[in-house]
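What follows is one structure encoded as C-alpha cells, with my remarks underneath.
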Amino acid sequence: MADRVESEGGGRRFDDRDQNTIRVTNISEDTTEADLQDLFQPFGRISRVYLAKDKETLQSRGFAFVSFVHREDAQKAMDRLQGFGYDH
C-alpha cells in the first residue's frame with residue numbers, strides 16, 4: 001500500500017501543520033481510512049487521515065494524507081515506511 005511516503009510542502013509556502021503531514025501514494029482502491037490509521041498509529045498520535053476518493057464511485061484514488069500531532073512522529077513514519085509494501 002504505502003509505496004511512496006513523502007513530506008508535504010515541497011517548494012510551496014506552508015504552515016507548521018504541513019510539516020506534520022505525509023502523503024501516501026500507490027495505495028490499493030480497497031484501502032480504507034481505518035487501514036491507514038492502523039498502519040500509522042504505532043508511530044504517534046494522528047490528528048487526521050484523508051483518503052482521496054472518487055466522488056462518484058467512492059473508491060480510493062490511490063493516495064492519502066496522514067497528519068500527525070507531532071512532526072517527529074511524521075518523520076519516524078516516513079523513515080520506516082518509505083517504500084514499504086502493505087497488503088491489508
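The values are calculated or read from the model by the stated rules, or taken from the named source; none is laboratory data. Keep in mind the model is a prediction, meaning the values are calculated, not measured. Accessible surface is based on the protein model in full, side chains and every heavy atom, while ligands, DNA and RNA are left aside. Shrake-Rupley method; radii C 1.70, N 1.55, O 1.52, S 1.80 Å.
Expressed as a whole percent, the accessible area of the range 23-88 that falls on carbon and sulfur atoms is 43 (1.4 Å probe).
In this view, the solvent-accessible surface of Glu33, computed with a 1.4 Å probe and all protein chains in place, comes to about 80 Å². Put simply, the amide H of Thr21, placed in the peptide plane, has neighbours under 5 Å in Glu8, Phe68, leaving out anything fewer than 5 places away on its chain. Counting only protein chain heavy atoms and rolling a 1.4 Å probe, the accessible areas of Ile46, Ile22 rank, largest first, as Ile46, Ile22.
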